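Quick notes on the structure that follows.
FYI, it's all coordinate maths here, none of it is from the lab. Please read all numbers here as calculations on a predicted model, not as lab measurements. Cβ coordinates were reconstructed from backbone atoms using ideal geometry, including for glycine residues, and neighbour counts include every protein chain displayed.
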Amino acid sequence: MDDEKLGHRSQSSAPHQRINADELRHFCQLFRFFLAQQAPLNLQTVAKRVAAFVEKHSKISGRKIVLVTSGGTTVPLETQTVRFIDNFSAGTRGAISTEFFLDHGYAVIFLHRQYSLLPYSRHYSHSTNCFLDFMASDGNGGVKAPQYTPKMLQVLNKYTAVKSAGLLETISFVDVNEYLFLLREITLTLSTINERALFYLAAAVSDFYIPIGKMVHHKIQSGGEGLLKLELDQVPKVLSPLVKEWAPRAYVVSFKLETDPSILVQKAQGALKNYGHQAVIGNILSTRKHHVVLITSSEVKDVRLNEFQIAENTEIEGVFIPEIISRHDAWIRQSK
Ligand code: 9Z3
């Protein structure tokens with residue numbers, strides 16, 4: 001496989017640069033991954049769609065494009081997959097964030113887990129605010145729940161405007177393999193707009209997987225010792241090549257998820273230092289909807305909803321996304 005396929009474009013892959021042992025290990029993991037794993041069947045179709053989307057928007061003066069990743073990746077246990085490991089993410093963060101980026105004039109590539117929440121439709125796909133309840137007739141030609149009409153209309157208008165302007169490209173993945181191939185493909189294309197590209201990596205990506213060469217083909221059988229022993233390899237850390245090689249001029253925001261608040265900031269700062277990107281948003285599983293920490297090389301900023309905002313169901317993304325956008329704008333200005 002040639003360098004271009006592995007995503008090593010000439011612009012920053014200085015061959016004589018010294019790398020440390022950790023970087024070498026990560027490079028080998030990444031190399032092995034893309035060499036051994038099978039690319040998703042729709043990769044070329046997606047590549048064409050993304051290239052057309054980026055080309056169209058790159059011609060519009062001042063138009064910025066953000067890649068939002070959203071939802072959790074699965075880890076299949078068999079190649080004919082009956083069982084897989086999954087995680088909790090419903091894609092709420094990614095779907096909400098996409099709407100705010102669109103509100104602020106961005107074009108959005110939304111790379112999401114199949115059947116996770118989607119921008120706009122998410123307002124009516126939840127069981128407590130079901131589309132069918134809204135549509136239910138009152139028996140007199142009206143709807144049973146007219147209180148939803150103004151909000152529904154507002155969402156519908158935004159959705160229609162975004163659709164007709166072609167501002168949203170949605171691409172889905174299921175497992176971690178598909179996610180990584182698609183991420184690399186999209187990144188290499190999006191990087192062509194340099195600083196105008198924003199990466200907002202909110203997907204909950206598996207840390208471990210079973211390489212295709214070690215996976216059984218047929219359904220794992222029960223019986224025998226009554227135990228299932230699995231050996232999982234580490235998923236390659238793609239943030240490093242993404243930042244350093246695939247899209248070195250883009251503004252990159254990653255997310256750090258923890259359950260222990262006492263290590264969040266330190267872990268997020270560690271990620272920033274290791275990968276050399278621009279910002280990390282740290283969040284704790286149980287409080288992620290009303291508290292995040294925005295971390296850059298020079299700041300640690302707590303973003304918290306107050307009790308009133310929580311009671312009003314304020315979306316925290318509406319508070320911290322303008323902060324991200326102003327930093328992205330400064331990044332663009334500074335490059336000129
Ligand atoms: C996040 O931390 C997201 O905010 C959530 C959103 C997944 C918590 P929901 O989809 O949840 O709204 O239910 N995403 C990043 C998670 C992650 O896998 N981060 C890695 C890590 O923490 C780094 S890439 O090590």
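For the chain, what is the mean residue ellipticity at 222 nm derived from helices alone (per DSSP H run of n ≥ 4: -39500 (n - 2.57); sum divided by total residues; nearest 500 deg cm²/dmol)?
One gets -11000 deg cm²/dmol as the mean residue ellipticity at 222 nm.
Report the calculated FRET efficiency for Q309 and E258 (r = Cβ-Cβ distance, R0 = 25 Å), to the nearest 0.05.
0.65
Evaluate the chain: find the radius of gyration of its Cα atoms, find its Kirkwood radius, and give the ratio Rg to Rh. All intermediate terms of the calculation are to be shown ahead of the outcome.
Numbers: Rg = 21.3 Å, Rh = 21.6 Å.
Radius of gyration over Kirkwood radius for the chain works out to 0.98.
Is the C-alpha gyration tensor of region 138-186 telling us rounded, prolate or oblate? Criteria: a/c under 1.5 is rounded; beyond that, a/b larger than b/c is prolate, otherwise oblate.
Numbers: a/c = 4.98, a/b = 2.39, b/c = 2.08.
Taking the square roots of the gyration eigenvalues as a ≥ b ≥ c, region 138-186 is prolate.
In terms of Cα to Cα distance under 14 Å, which aspartates and glutamates are near enough to K219, apart from those fewer than 8 places away along the same chain?
E78
Could you work out the relative contact order of region 228-286, using alpha carbon pairs under 8 angstrom and six or more residues apart, expressed as a whole percent?
Value for region 228-286: 38 percent.
Quick one: grab the alpha carbon gyration tensor of region 121-227, order the square roots of its eigenvalues as a ≥ b ≥ c, and give me rounded if a/c is under 1.5, else prolate or oblate depending on whether a/b is larger than b/c.
Because a/c hits 1.5 or more and a/b fails to exceed b/c, region 121-227 counts as oblate.
Any chance you could check the Cα centroid distance between region 22-61 and region 65-115 for me, in angstrom?
For region 22-61 versus region 65-115, the Cα centre distance is 16 Å.
Setting aside same-chain residues fewer than 8 positions from K158, which aspartates and glutamates have a Cα under 14 Å from its Cα?
Filter leaves E99, D103.
Quick one: net charge of P236's neighbours, Cβ under 11 Å, K/R +1, D/E -1? Please report the intermediate quantities before stating the final value.
On the way: positive: R25, R32, R184, K237; negative: D207, D233.
Local charge sum for P236: +2.
Mind scanning K163/K273; K151/K267; K256/K336; K64/K256; K163/K214; K64/K289 and naming the pairs with a C-alpha gap bigger than 32 Å?
Where the Cα-Cα span goes over 32 Å, the pairs concerned are K163/K273; K151/K267; K163/K214.
Not counting the cut sites, what is the longest span of the chain without GluC sites (Glu not before Pro) that DSSP labels loop and that have at most 11 other Cβ atoms within 10 Å? Before the final figure, lay out the partial values.
Numbers: sites that count: E4, E225, E231, E299, E312.
Value returned for the longest uninterrupted segment is 5-224.
Full-extension gain between V143 and N194, please, as 0.36 nm times their residue separation minus the C-alpha to C-alpha distance.
Length gained, V143 through N194: 13.5 nm.
Give or take rounding to whole Å, what are the principal axis extents of the alpha carbon atoms in region 250-336, in descending order?
That gives 43, 26, 16 Å along the principal axes, largest extent first.
Between the DSSP loop rule and a limit of at most 12 other Cβ atoms within 10 Å, which chymotrypsin sites (Phe, Trp or Tyr not before Pro) in region 93-184 are left?
Counting only loop positions with at most 12 other Cβ atoms within 10 Å, the chymotrypsin sites (Phe, Trp or Tyr not before Pro) in region 93-184 are Y115.
Test of understanding: extend the Cα→C-beta vector of R288 to 7 Å, then name every residue of region 105-122 with backbone N under 20 Å from that spot.
It comes to 109-122, nothing else.
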